[in-house]
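One structure below.
The values are calculated or read from the model by the stated rules, or taken from the named source; none is laboratory data. For clarity, every value in this text was computed on a predicted model and none was experimentally measured. Glycine gets a Cβ as well: all are built from the backbone with ideal geometry, and neighbour counts include every protein chain shown.
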Amino acid sequence: MSGHKYFESQGDNEEVILVIRRYILGIFEEMAFAFIAFILIFAVFILVPLFYPGLIQSYGYNIYVLLWSLLMFFLALFIFTSWSLHYLNVAVITNEHLAEIDQRGVFTRDVSVMTLDKLQDISASQDGFFPNMLNYGKINIQTAGELPNFVLEFVKDPHGVAKNIIEITEAYQRKTSNSGDGDRRNAEAETTMSSKTSNRGD
């Protein structure tokens, strides 16, 4: 496995089993505004010279090109920023923890980490035309007590991923349960040995 650490409390020997990034095709849903804006800007700057050639001549072709360039620049910047935030939002499942990295801005992100034994109910859903057509959706993870729940959005094959998370969680719970049984047996053995030693001393 790679030595890359996704979150600060990740142990050196902790195995990364699953890395969940937002499905790239899911960005089309977020980019609907940008697509509509691009169509409108393109239509305006193409149709204005055709129907109002005098307007371009009055204000100058260079200003027209400058405005077009600025609008396209900010549109491209919006698309790039949205794509970056979309890609940098990631959930990491190790053999011990679930970590969700929520990139809220270019320089702002929240990291939530929880041990797998705190996960209680894991379900997947696909709502809407695009999620069903492109096979992406949402995974809801309920946690124990007052702990915050996890919501993973734009997950490719959400039902398959949810099944994997459940299997990883169950494996961790079996491991910790067996470890607890072993510690209890060792403690009982130590108690028995101490009792025998005390009896011999008497």
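All but one of (1) farther than 18 Å from residue 20 by Cα; (2) over 17 Å from the mean Cα position of the chain (by Cα) hold for residue 106, so report the exception by its number.
Condition not satisfied by residue 106: (2).
Of the numbered conditions (1) surrounded by 16 or more Cβ atoms within 10 Å (Cβ to Cβ); (2) without any contact (Cβ under 8 Å) to a residue 40 or more places away in the chain; (3) not in a helix (DSSP H, G or I), residue 123 fails exactly one; give the number of that condition.
Evaluating residue 123 over (1) surrounded by 16 or more Cβ atoms within 10 Å (Cβ to Cβ); (2) without any contact (Cβ under 8 Å) to a residue 40 or more places away in the chain; (3) not in a helix (DSSP H, G or I) leaves (1) as the failure.
Do we find a residue being hydroxyl-bearing (Ser, Thr, Tyr) and closer than 24 Å to residue 4 by Cβ anywhere in the range 88-108?
Checked the range 88-108: at least one residue is hydroxyl-bearing (Ser, Thr, Tyr) and closer than 24 Å to residue 4 by Cβ.
Any idea which residue in the range 98-118 is nearest to residue 177 (Cα to Cα), counting only those that are in contact with an Asp or Glu (Cβ under 8 Å, 6 or more places away or on another chain) and polar (S, T, N, Q)?
115
Name the single residue, out of those in the range 146-175 being without any contact (Cβ under 8 Å) to a residue 12 or more places away in the chain and closer than 19 Å to residue 112 by Cβ, that is surrounded by the most Cβ atoms within 10 Å (Cβ to Cβ).
Per the criteria, the residue is 149.
Quick grid of which residues meet (1) in contact with a Ser or Thr (Cβ under 7 Å, 6 or more places away or on another chain); (2) of a type in the set (Phe, Trp, Tyr); (3) modelled with pLDDT of 80 or more:
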site: 50; (1), (2), (3): no, no, no
site: 53; (1), (2), (3): no, no, no
site: 57; (1), (2), (3): no, no, no
site: 61; (1), (2), (3): no, yes, no
site: 74; (1), (2), (3): no, yes, yes
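If we scan the range 96-105, do we find a residue that is in contact with a Leu (Cβ under 8 Å, 6 or more places away or on another chain) and part of a helix (DSSP H, G or I)?
Scanning the range 96-105 turns up no residue that is in contact with a Leu (Cβ under 8 Å, 6 or more places away or on another chain) and part of a helix (DSSP H, G or I).
Going by the conditions given, is residue 41 more than 30 Å from residue 157 (Cα to Cα) and modelled with pLDDT under 75?
Here the answer is no, as residue 41 does not meet what is asked.
Suppose we keep only residues that are in contact with an Asp or Glu (Cβ under 8 Å, 6 or more places away or on another chain) and among the hydroxyl-bearing types (Ser, Thr, Tyr) within the range 64-94. Which one would you say is surrounded by the most Cβ atoms within 10 Å (Cβ to Cβ)?
94
Show the residue pairs meeting these rules: Cβ distance below 6 Å; 6+ apart or different chains; first residue within the range 59-82 and closer than 18 Å to residue 39 by Cβ; second residue among the small types (Gly, Ala, Ser) and loosely packed, with under 11 Cβ neighbours inside 10 Å.
No pair meets every condition.
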